[in-house]
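Colleague: Once you've had a glance at the structure underneath, I'll fire off some questions.
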Amino acid sequence: MERTEQASRTPDPREVRGLAPWRRFHLRVTAFFGVLAFALLGVMGAVSYRWARETELAAVTARLGALSIALAEGVATDDIAAALADGEPSSPAYQRMVAPFAATAVDEPDVQSIYVAVRPEREGWLRFAADWVRTGAPATIGEEYDATEVPRMVEAFDGPRVEEEMTVDPWGQSLSGYAPVHDASGRAVAVLGVDVDAARVARIEREVSTAIGIVYGAALFVIVLSGLWLGRSIRRPVARIVEAAGEIVRDPSARVGLARADELGVIARHFDRMAAGLE
């Protein structure tokens, strides 16, 4: 009777294989470190994306600021007054203003529009004196523009300004830079604006996302392989110890024979010494 009860308590390797996945130690260890690594990668990816996006946008805004200042210095205030007085896009004054804009856009494919606007009587409003656009219809000469939602554009009368985020107006979504146009006395009589199309910013975000996705996708792949290796390095020795426990009951000369330098190796050696004592 005693031998039967002892036999019924004999370790069976099939007990390990029959355990539910969430009860297996190696799977729980692998899952824990996998989730932890995935969470850390997610945080690092979000931080990296934000840093890379801000770095790229900073480069674009710096270019916008420099471009608007350079173009504003080339605008003659006499041409602004003449274009407004004539009211025709074909007038020589108007053409003298927009010709440099079109030439600049050849080397700056991301620029969507370049324009010059003066300040009318209404506060927060501007009036177009010239407008060059890559696609679509330009603003008509003298057309008024509500700049109350674009305060940096009005502030540009006091000095160059660059939008830090995308702005939306009737012409679409863009990132803009502004610079004052001064007369001979140094007074700001107009503002020159340069708009970069939203597609440029979207392309920056897409390029950054792709680069980070590749880097962190590769890192995740390595982590998954490492997790599988870790799980296997735990599962195989544990299974061998359980198997040896069952063998020793039937044959006291059986040994684990696990040559490892870690804790599982220590357990196996103690197990073998215990088996030798029983034998």
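Colleague: Looking at (1) modelled with pLDDT of 90 or more; (2) open to solvent by 70 Å² or more (accessible area, probe 1.4 Å); (3) acidic (Asp, Glu), find the lone condition where residue 143 falls short.
Modeller: Every condition holds for residue 143 apart from (2).
Colleague: Further, regarding this structure: Determine which member of the set 230, 258, 264 is touching a Gly at 6+ places or on another chain (Cβ under 8 Å) and either open to solvent by 60 Å² or more (accessible area, probe 1.4 Å) or more than 30 Å from residue 58 (Cβ to Cβ) (or both).
Modeller: Every option except 258 fails the conditions.
Colleague: Next question, about the same structure. State the number of residues belonging to the range 68-83 that are open to solvent by 50 Å² or more (accessible area, probe 1.4 Å), under 17 Å from residue 142 (Cα atoms) and touching a strand residue (DSSP E or B) at 6+ places or on another chain (Cβ under 9 Å).
Modeller: Going through the range 68-83 one residue at a time, the tally reaches 1.
Colleague: Only one of these conditions is not met by residue 148: (1) among the polar types (S, T, N, Q); (2) modelled with pLDDT under 90; (3) surrounded by 16 or more Cβ atoms within 10 Å (Cβ to Cβ). Which number is it?
Modeller: The single condition residue 148 does not satisfy is (3).
Colleague: Right, another one. In the range 233-255, is there at least one residue being part of a helix (DSSP H, G or I), closer than 30 Å to residue 48 by Cβ and open to solvent by less than 60 Å² (accessible area, probe 1.4 Å)?
Modeller: no
Colleague: I'm told residue 52 meets every condition in (1) open to solvent by less than 30 Å² (accessible area, probe 1.4 Å); (2) in a loop (DSSP other than H, G, I, E, B); (3) farther than 19 Å from residue 191 by Cα except one. Can you identify the failing condition by its number?
Modeller: It fails just one condition, (2).
Colleague: Take residue 65 and tell me if it is part of a helix (DSSP H, G or I), more than 21 Å from residue 195 (Cβ to Cβ), touching a residue at least 40 places away in the same chain (Cβ under 8 Å) and open to solvent by less than 20 Å² (accessible area, probe 1.4 Å).
Modeller: Judged against the criteria, residue 65 is not a match.
Colleague: How many of the residues in the range 227-279 are over 30 Å from residue 36 (Cβ atoms), under 50 Å from the mean Cα position of the chain (by Cα) and touching a residue at least 12 places away in the same chain (Cβ under 8 Å)?
Modeller: Qualifying residue count, the range 227-279: 0.
Colleague: Taking residue 272 as meeting all but one of (1) open to solvent by 40 Å² or more (accessible area, probe 1.4 Å); (2) farther than 29 Å from residue 45 by Cβ; (3) of a type outside the set (Ser, Thr, Tyr); (4) at pLDDT 75 or above, write down the number of the exception.
Modeller: Looking at each condition in turn, residue 272 falls short on (1).
Colleague: If you don't mind, there's one more thing I want to ask. Picking from 111, 60, 116, which residue would you name as being surrounded by 16 or more Cβ atoms within 10 Å (Cβ to Cβ), modelled with pLDDT of 95 or more and under 37 Å from the mean Cα position of the chain (by Cα)?
Modeller: Result of the check over 111, 60, 116: 116.
Colleague: Output the residues belonging to the range 224-237 that are touching a helix residue (DSSP H, G or I) at 6+ places or on another chain (Cβ under 7 Å) and modelled with pLDDT of 75 or more.
Modeller: 237
The values are calculated or read from the model by the stated rules, or taken from the named source; none is laboratory data. These figures come from a predicted structure and were not determined experimentally. Here Cβ is always computed from backbone atoms with ideal geometry, including for glycine, and neighbour counts include all displayed protein chains. Heavy atoms of the whole protein, side chains included, go into the accessibility calculation; ligands, DNA and RNA do not. Shrake-Rupley method; radii C 1.70, N 1.55, O 1.52, S 1.80 Å.
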